[in-house]
Amino acid sequence: MRRIAQDEFYRYLPISRRDRNWGLYVTGVGQIVHARPGSPDAGHPSPYYYVWENGRELPYFGAIYITQGQGEFESKATGRRVVDAGTVVLTFPDVWHRYRPMADTYWTYYWVHFAGGYPRELLRQGVFTPGSPVFKTGVNEGLLQSYVALLDRARAEPPGYQQLMAANVIEILGAAMALSRGQPQPEQFNALARQAVLLLQQRVEEVVDIKQIASLLHISYDRLRHVFKEHTGMAPYQYHLQLRISRAKELLNGTRLSVKEIAARLHFDDTYHFSRIFKKKTGMSPSKWRGEAS
């Protein structure tokens, strides 16, 4: 694990035989916040480190998600292209490429590198091709959460984390294709959805009335639910429930609070209700989750 100031995180992962046999495995993952033009940090190992003038070829696939700013991407298969926030760019094994933010500006992006028989088969079938690597997805909360989950799992390394991360990569590839085919939503609706997301994130340890959230945003409940689901892929209640379960995992892993105390802190009806929901969402009970993570 390596942290650079407050604006970069990256992790390159060991690969076992079991990981390779799974069909898809992650070799590296990271986040760059407010990067400006210039050479990447030289702390990246070969062959990841490169300078713009030379570009690079990797033996892996890559998926870069730009969430702020604007830059340029160039590959041997595509030539140079401008890429904006709300874009996923794929890179392919042994295909020369390079990318950077525009001059006098900055950008923020997430990245993951991966390999295995599964992505190779997608390439062979023409599902994704080096000639069409750019997907206009919009800044989508569901897609962003897949990248955030990758980073969280790279940091924590829970049991079976490579297989869990493989599932996140499949989500990213599916979302890139699906979202790029959809019609963009009017900007005012995207703004409403983002405001709703922020309100829910601020109330992660509360029981939230979605109708009250709609009232705060001055739209109907039905309209909020539709806009929110278009933006995130989930209904508001399910999104907030996922936030509460994620918070429960943090409390189970990082505190000595009992399961009963965590259930009360997150305002579940009782311990049984919390345990039932937690197991439904994670596949194991809170106690077992804590035991596996320790």
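The values are calculated or read from the model by the stated rules, or taken from the named source; none is laboratory data. Bear in mind that the values here come from a model prediction, so they are computed numbers and not experimental data. Using ideal geometry, Cβ is built from the backbone for each residue, glycine included, and neighbour counts are taken over all protein chains shown. Keep in mind that these areas ignore ligands, DNA and RNA; they rest on the heavy atoms of the full protein, side chains included. Shrake-Rupley method; radii C 1.70, N 1.55, O 1.52, S 1.80 Å.
Which of the residues spanning segment 219-247 are in contact with a Gly (Cβ under 9 Å, 6 or more places away or on another chain) and more than 30 Å from residue 285 (Cα to Cα)? 230, 231 - these are the residues of segment 219-247 that are in contact with a Gly (Cβ under 9 Å, 6 or more places away or on another chain) and more than 30 Å from residue 285 (Cα to Cα). Identify the residue in segment 59-92 that is under 17 Å from the mean Cα position of the chain (by Cα), more than 24 Å from residue 121 (Cα to Cα) and hydrophobic (A, V, I, L, M, F, W, C) and, among all such residues, is least open to solvent (accessible area, probe 1.4 Å). Filtering first and then ranking leaves 66.
Per-residue answers, yes or no, for (1) hydrophobic (A, V, I, L, M, F, W, C); (2) in contact with a Ser or Thr (Cβ under 7 Å, 6 or more places away or on another chain); (3) more than 27 Å from residue 250 (Cα to Cα):
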residue: 122; (1), (2), (3): yes, no, yes
residue: 130; (1), (2), (3): no, yes, yes
residue: 138; (1), (2), (3): no, no, yes
residue: 142; (1), (2), (3): no, yes, no
residue: 145; (1), (2), (3): no, no, no
residue: 148; (1), (2), (3): yes, no, no
residue: 151; (1), (2), (3): yes, no, no
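Being more than 17 Å from residue 282 (Cβ to Cβ), open to solvent by 20 Å² or more (accessible area, probe 1.4 Å) and in contact with a helix residue (DSSP H, G or I) (Cβ under 6 Å, 6 or more places away or on another chain) holds for only one residue in 257, 216, and it is 257.
Inspect segment 134-143 for any residue being without any contact (Cβ under 8 Å) to a residue 40 or more places away in the chain, part of a helix (DSSP H, G or I) and within 21 Å of residue 27 (Cβ to Cβ) and give the result as yes or no. No, that holds for no residue.
Out of segment 147-157, which residues are open to solvent by 30 Å² or more (accessible area, probe 1.4 Å) and not aliphatic (A, V, I, L, M)?
152, 153, 155, 157, listed by residue number.
With respect to the conditions (1) under 17 Å from the mean Cα position of the chain (by Cα); (2) outside any helix (DSSP H, G or I); (3) free of Cβ contacts under 8 Å to residues at least 24 places away in the same chain, residue 126 lacks only one, and its number is (1).
A residue that is part of a helix (DSSP H, G or I), basic (Lys, Arg), at pLDDT below 95 and surrounded by 14 or more Cβ atoms within 10 Å (Cβ to Cβ) occurs nowhere in segment 171-184.
Taking residue 258, is it touching a Ser or Thr at 6+ places or on another chain (Cβ under 7 Å), within 29 Å of residue 159 (Cα to Cα) and either in contact (Cβ under 8 Å) with a residue 40 or more places away in the chain or not charged (D, E, K, R) (or both)? So residue 258 fails the test.
Hey, could you check segment 105-122 for residues that are outside any strand (DSSP E or B) and touching a residue at least 60 places away in the same chain (Cβ under 8 Å) and say which is most open to solvent (accessible area, probe 1.4 Å)? Only one residue fits best here, namely 118. Report yes if some residue within segment 229-238 is surrounded by 15 or more Cβ atoms within 10 Å (Cβ to Cβ) and on the phi > 0 side of the Ramachandran plot; otherwise report no. There is at least one residue in segment 229-238 that is surrounded by 15 or more Cβ atoms within 10 Å (Cβ to Cβ) and on the phi > 0 side of the Ramachandran plot. For segment 126-146, taking the residues that are out of contact with any helix residue (DSSP H, G or I) (no Cβ under 7 Å at 6 or more places or on another chain) and of a type outside the set (S, T, N, Q), the one that is surrounded by the most Cβ atoms within 10 Å (Cβ to Cβ) is identified as 133. For segment 260-283, residues that are modelled with pLDDT under 90 and open to solvent by less than 40 Å² (accessible area, probe 1.4 Å) total 1.
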